[in-house]
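The values are calculated or read from the model by the stated rules, or taken from the named source; none is laboratory data. Keep in mind it's a predicted model, so treat the numbers as computed, not measured. No Cβ is skipped: glycine too gets one built from the backbone with ideal geometry, and neighbour counts run over all protein chains shown. Ligands, DNA and RNA are stripped out before the accessible areas are found, and what is left, the full protein with its side chains, is counted by its heavy atoms. Shrake-Rupley method; radii C 1.70, N 1.55, O 1.52, S 1.80 Å.
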Amino acid sequence: LPERPGVAQGGDGQAALALAPGRWLIEGAVPTPLDPELGALTDLGHARLSFLIEGADAPALAAKLAPVDFDLPRHGPGSVIQSGSAHSVPFALWRQAPARIVLYVDRSYARDFHETLAAEGAEFGLR
């Protein structure tokens, strides 16, 4: 697992996103058994939805949702950001590659987030 917040680590269909000290979002298969020194594991897969934005304008669109300067090295590929909100909807962001970003939002906010994403992405041709 990543030791500090703001980074992702993994490969082969699984990754650990460090959201905060001692708090990770695991994508894909979870290695078992989990070391009890790390804490407990709770499956929240049903509680979040992910949105993939990909293409040359992905960082510009993501910057409209979160106040992030994607030109800074710390926000490059492999970075993880937990945003306060995109028009009052909290979400997490994982920049997988220069033009590939995954956004994670709580299921209860998914419809509002989708509407915001569509509205903000219209200038980039998002449909």
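To keep it simple, each residue is scored yes or no on (1) part of a loop (DSSP other than H, G, I, E, B); (2) surrounded by 14 or more Cβ atoms within 10 Å (Cβ to Cβ); (3) in contact with a strand residue (DSSP E or B) (Cβ under 9 Å, 6 or more places away or on another chain).
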| position | (1), (2), (3) |
| --- | --- |
| P77 | yes, no, yes |
| S88 | yes, no, no |
| R95 | no, yes, yes |
| V102 | no, yes, yes |
| V105 | no, yes, yes |
| S108 | no, no, no |
| R111 | no, no, no |
| A119 | no, no, no |
| E123 | no, no, no |
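Within the set A40, A56, A60, the sole residue that is out of contact with any Gly (no Cβ under 8 Å at 6 or more places or on another chain), part of a helix (DSSP H, G or I), over 17 Å from V105 (Cβ atoms) and of a type outside the set (K, R) turns out to be A60.
Name the single residue, out of those in the stretch 1-37 being part of a strand (DSSP E or B) and open to solvent by 80 Å² or more (accessible area, probe 1.4 Å), that is nearest to P98 (Cα to Cα). Even if it seems obvious, please write down each step before you answer.
Here is the first cut: in the stretch 1-37, the residues part of a strand (DSSP E or B) are 7-11, 14-20, 23-27.
If we keep only those that are open to solvent by 80 Å² or more (accessible area, probe 1.4 Å) too, we end up with 9, 23.
Details: Q9: 16, R23: 25 Å.
For the stretch 1-37, the residue satisfying everything is Q9.
Only one entry in S83, S88, S79 is modelled with pLDDT under 90 and touching a Leu at 6+ places or on another chain (Cβ under 9 Å), namely S83. If you take the residues in the stretch 38-50 that are touching a residue at least 60 places away in the same chain (Cβ under 8 Å) and either under 19 Å from H75 (Cβ atoms) or open to solvent by 50 Å² or more (accessible area, probe 1.4 Å) (or both), which one is nearest to the chain's Cα centre (by Cα)? Per the criteria, the residue is L49. Answer with yes or no whether D69 is within 26 Å of P2 (Cβ to Cβ), acidic (D, E), without any contact (Cβ under 8 Å) to a residue 12 or more places away in the chain and surrounded by fewer than 20 Cβ atoms within 10 Å (Cβ to Cβ). Answer is yes for this residue.
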